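Note sheet for the following structure.
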Amino acid sequence: MTIHITELQEIVRASSSAEKQLDWSSVEARIKDQVVLRAMTCVQISSKLVSHYKAVHPSKVKRYLSACNLHYSMSSVNKSEMRVLTTVNYQLPLTTPIVHIEMLLEVFKRNCDGVNVDLILKAAINILDVSYISRTRLKDLLRYASTDDGEETLKRRCVSNHFLLAACVIVAASYVIDSSTNDTVIEQIALITCLDESDIIIYSTILVKLALHLE
């Protein structure tokens with residue numbers, strides 16, 4: 001949406017119209033009307049990246065929009081998908097943190113019998129949502145956290161490394177469910193991923209605080 005709105009601003013700014021403010025007000029009103037459609041389109045595209053058999057189909061998007069009293073044709077839903085894809089120049093991430101979370105939990109389950117992985121996964125998805133919703137705050141809290149890697153800060157690694165994010169989300173989720181077993185989870189996740197335990201502890205602690213509104 002940020003890219004799309006910036007592009008529209010540039011178009012209005014470059015126009016020869018004498019009433020650019022009125023032109024922008026008209027564009028802004030149209031953007032507001034389409035926010036839910038664009039958001040659902042992003043969900044639809046994301047679902048295709050995660051799982052082809054659980055993908056959100058255009059018909060389901062249309063039904064959801066209708067339930068929100070927003071009536072779009074199937075053609076409009078499909079055009080919205082193309083609009084989003086062209087806006088990001090078809091550059092989509094090939095992997096997502098949830099893929100790494102599921103993979104790590106599968107290995108973790110084999111190493112630790114009796115662990116309720118399904119419960120951890122549900123909590124992990126919520127923690128992952130928190131990491132996206134509170135992304136700016138998360139980056140601020142990580143600003144001065146670092147390891148002994150010289151110039152490479154933990155912040156830089158965390159915001160770009162899905163594997164590290166997945167590991168820390170799992171640890172944070174397990175802490176929320178049962179803090180008494182957290183040390184074991186940290187140890188196992190560190191062994192599986194070969195990540196530094198101190199990095200995992202710093203990052204997961206911040207995630208827990210954000211999730212529980214302690215920060």
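Key figures for this structure:
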quantity	calculated
Of residues in segment 179-215 being touching a Leu at 6+ places or on another chain (Cβ under 9 Å) and charged (D, E, K, R), the one modelled with the highest pLDDT	Lys209
Residue among Val107, Val130, Val84, Val117 that is in the same structural domain as Ile5 (by the TED database) and either on the phi > 0 side of the Ramachandran plot or among the β-branched types (Val, Ile, Thr) (or both)	Val84
Spans of helices (runs of 4 or more DSSP H) in segment 60-156 with at least 2 residues more than 22 Å from Thr193 (Cβ to Cβ), of a type outside the set (Phe, Trp, Tyr) and at pLDDT 90 or above	74-87
Residue satisfying all of: in segment 94-116; among the β-branched types (Val, Ile, Thr) and over 21 Å from the mean Cα position of the chain (by Cα); surrounded by the fewest Cβ atoms within 10 Å (Cβ to Cβ) among these	Val107
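Residue-by-condition table, conditions (1) free of Cβ contacts under 8 Å to residues at least 24 places away in the same chain; (2) out of contact with any Pro (no Cβ under 7 Å at 6 or more places or on another chain); (3) exposed (fewer than 12 other Cβ atoms within 10 Å of the Cβ):
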residue: Leu37; (1), (2), (3): no, yes, no
residue: His57; (1), (2), (3): yes, yes, no
residue: Tyr64; (1), (2), (3): no, yes, no
residue: Ser76; (1), (2), (3): no, yes, no
residue: Glu81; (1), (2), (3): no, yes, no
residue: Thr86; (1), (2), (3): yes, yes, yes
residue: Leu92; (1), (2), (3): no, yes, no
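The values are calculated or read from the model by the stated rules, or taken from the named source; none is laboratory data. Because the structure is a prediction, the values reported are computed rather than measured. In this analysis, Cβ positions are derived from the backbone assuming ideal geometry, glycine residues included, and neighbour counts consider all displayed protein chains.
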